[in-house]
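Novice: Sending over a structure as structure tokens; questions will come in a sec.
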Amino acid sequence: MTSEEEKISQIFRKIAWLDKNRWKQHNGKTDYGLINFSHNDLSNADKILIHWLCYISDRQMGFQQIWDKGGYVYSDIVYEYKSKKDTVSLLNPDNSDGFLKRTPMDGYKFSSKSVVQKNNILIRNYEYSEGDNVDFTPRYYPSDIKSIMQTLIILEEYDKNIISYIAAIIDRDEHMLIKKIGFAMYLLAYFNIGQPKGVNYSKIIMEIKENKKKVLEILNDNKLFEEEFQYFLKYLQFNQKRMWCSLRDYVKSDDFFPYMISGFKEIGRDDLIERWKNMNRSELELPGDVWNNNPKFQKCLFGNIAGLKMNENSSKFIRDVFEKYKHCIVEGYPEMFDVTFDFVPKMCSSGMCDLCIFNEKNQIEQLCTKDTSKYCPVLLNSCGYISKCDTKECILK
């Protein structure tokens with residue numbers, strides 16, 4: 001193994017170590033991705049769908065608002081969506097019994113029909129009282145509203161069940177399965193959405209129905225599916241941050257992975273459980289953002305490696321590095337670089353190079369205790385992860 005190959009291998013191993021501890025930190029924690037459901041009797045597929053709608057709205061807003069307020073409203077919408085035949089009326093601002101309401105400033109908001117119950121997080125952390133309805137507006141409306149409406153209208157063809165939709169993709173073939181599921185999720189919410197200037201309900205519904213027709217043609221024609229899938233791989237896959245975040249959670253999260261497994265059982269597809277458990281995680285793409293695109297981070301890790309050309313699109317850059325060096329990468333894959341969400345603000349942006357695990361001249365020995373009865377100070381310093389010292393799995397020893 002050349003010195004460059006060894007360096008790349010070590011970078012991916014260290015990223016994998018951080019990622020493993022990231023999920024130890026987040027799984028089962030109420031501050032990460034756990035949804036404030038407004039109903040207690042939702043199916044597993046309903047919960048996955050609500051999670052998907054939350055991630056559609058996850059753009060330049062505090063994630064707590066999305067999971068707490070958005071999750072409450074979206075779970076109310078999904079709850080009624082499953083029992084009502086007329087989907088389009090649920091989000092019609094001219095329907096007094098719908099969930100989309102006009103605001104005095106000519107804007108729009110989602111408003112729940114269910115009211116806040118005692119001890120709900122909305123009472124503890126927000127200015128809500130028991131008996132209030134909940135309002136939520138995604139920052140990027142009306143495009144997010146259109147994506148949500150398109151998702152619900154297309155899923156009508158799959159018994160309004162997002163896991164049935166995913167199962168239909170799994171049934172196609174094994175080749176690049178995660179990528180194909182990602183492509184299908186893109187079709188569901190983002191195909192031909194454009195940038196609507198306002199909520200002209202009649203126009204949006206007409207466009208969505210036309211999109212639905214085209215999406216179903218793609219899904220039902222193997223040749224057309226492959227053509228559109230190849231186009232997705234070439235031009236679109238590295239710009240789908242919210243889709244990759246969602247799919248990652250369904251594959252890796254201890255909170256949402258069980259919903260997928262139980263959801264397969266609910267639709268009588270126990271045969272898909274082992275296939276889901278054995279998904280090739282290296283196909284997951286890095287959800288690109290400002291943190292993993294930080295030039296200081298990229299330059300420190302990859303700047304001295306010959307033949308690597310920095311790319312403004314961090315998702316594509318990390319994929320290119322992985323594909324070039326995967327023959328020598330023992331552990332790690334592109335999506336794991338999303339730990340930069342925690343790492344870069346604490347380390348790169350704060351000039352903490354002396355205590356950086358990627359700096360060959362670091363002074364971590366002065367920080368590391370090698371005491372398994374205590375929390376690892378390196379993880380705490382690097383990413384804020386609270387995890388017990390584990391000398392057996394530590395990559396720094």
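Novice: How many of the residues making up region 44-67 are touching a helix residue (DSSP H, G or I) at 6+ places or on another chain (Cβ under 6 Å), more than 20 Å from LYS252 (Cα to Cα) and not β-branched (Val, Ile, Thr)?
Specialist: 1
Condition check ((1) more than 30 Å from SER3 (Cα to Cα); (2) in contact (Cβ under 8 Å) with a residue 12 or more places away in the chain) across all residues:
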position	(1), (2)
GLY263	yes, yes
ARG269	yes, yes
ARG275	yes, yes
PHE302	no, yes
GLU312	no, yes
SER315	no, yes
GLU323	no, no
PRO334	no, yes
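Novice: Just to be sure before I move on: is ARG124 charged (D, E, K, R) and touching a residue at least 40 places away in the same chain (Cβ under 8 Å) in the structure I sent?
Specialist: When the stated conditions are applied, ARG124 does not pass them.
Novice: The conditions are (1) touching a helix residue (DSSP H, G or I) at 6+ places or on another chain (Cβ under 8 Å); (2) at pLDDT below 95; (3) acidic (Asp, Glu), and ASP354 fails exactly one of them. Which is it?
Specialist: Going through (1) touching a helix residue (DSSP H, G or I) at 6+ places or on another chain (Cβ under 8 Å); (2) at pLDDT below 95; (3) acidic (Asp, Glu) one by one, ASP354 breaks only (1).
Novice: Just give me the residues in region 174-200 being of a type in the set (D, E, K, R), in a loop (DSSP other than H, G, I, E, B) and modelled with pLDDT of 95 or more, in sequence order.
Specialist: Correct list: empty.
Novice: Next question, about the same structure. For residues that are modelled with pLDDT of 90 or more, of a type in the set (Phe, Trp, Tyr) and under 22 Å from GLN60 (Cβ atoms), scanning just region 106-145, find the one that is farthest from the chain's Cα centre (by Cα).
Specialist: So the residue we want is TYR126.
Novice: Among the numbered conditions (1) under 22 Å from ARG22 (Cα atoms); (2) among the small types (Gly, Ala, Ser); (3) not in a helix (DSSP H, G or I), tell me where ALA306 comes up short.
Specialist: With (1) under 22 Å from ARG22 (Cα atoms); (2) among the small types (Gly, Ala, Ser); (3) not in a helix (DSSP H, G or I) applied to ALA306, the lone miss is (1).
Novice: I would also like to ask the following. Just checking, does region 36-47 include any residue being modelled with pLDDT under 90 and either surrounded by fewer than 21 Cβ atoms within 10 Å (Cβ to Cβ) or of a type outside the set (Lys, Arg) (or both)?
Specialist: There is no residue in region 36-47 that is modelled with pLDDT under 90 and either surrounded by fewer than 21 Cβ atoms within 10 Å (Cβ to Cβ) or of a type outside the set (Lys, Arg) (or both).
Novice: Same structure again: When the residues of region 96-134 are filtered to those that are assigned to a strand (DSSP E or B) and among the charged types (D, E, K, R), which remaining residue is nearest to GLY70 (Cα to Cα)?
Specialist: LYS109
Novice: Please verify whether region 70-86 includes one or more residues that are surrounded by 17 or more Cβ atoms within 10 Å (Cβ to Cβ) and without any contact (Cβ under 8 Å) to a residue 24 or more places away in the chain.
Specialist: no
Novice: Still on this structure, I have one more. Only one of LYS265, LYS296 is assigned to a helix (DSSP H, G or I), in the same structural domain as ILE163 (by TED's automatic domain parsing) and surrounded by fewer than 17 Cβ atoms within 10 Å (Cβ to Cβ); which?
Specialist: Result: LYS265 is the single residue among LYS265, LYS296 that is assigned to a helix (DSSP H, G or I), in the same structural domain as ILE163 (by TED's automatic domain parsing) and surrounded by fewer than 17 Cβ atoms within 10 Å (Cβ to Cβ).
The values are calculated or read from the model by the stated rules, or taken from the named source; none is laboratory data. Keep in mind the model is a prediction, meaning the values are calculated, not measured. Reconstructed Cβ throughout: ideal geometry from the backbone, glycine too, with neighbour counts over all protein chains shown.
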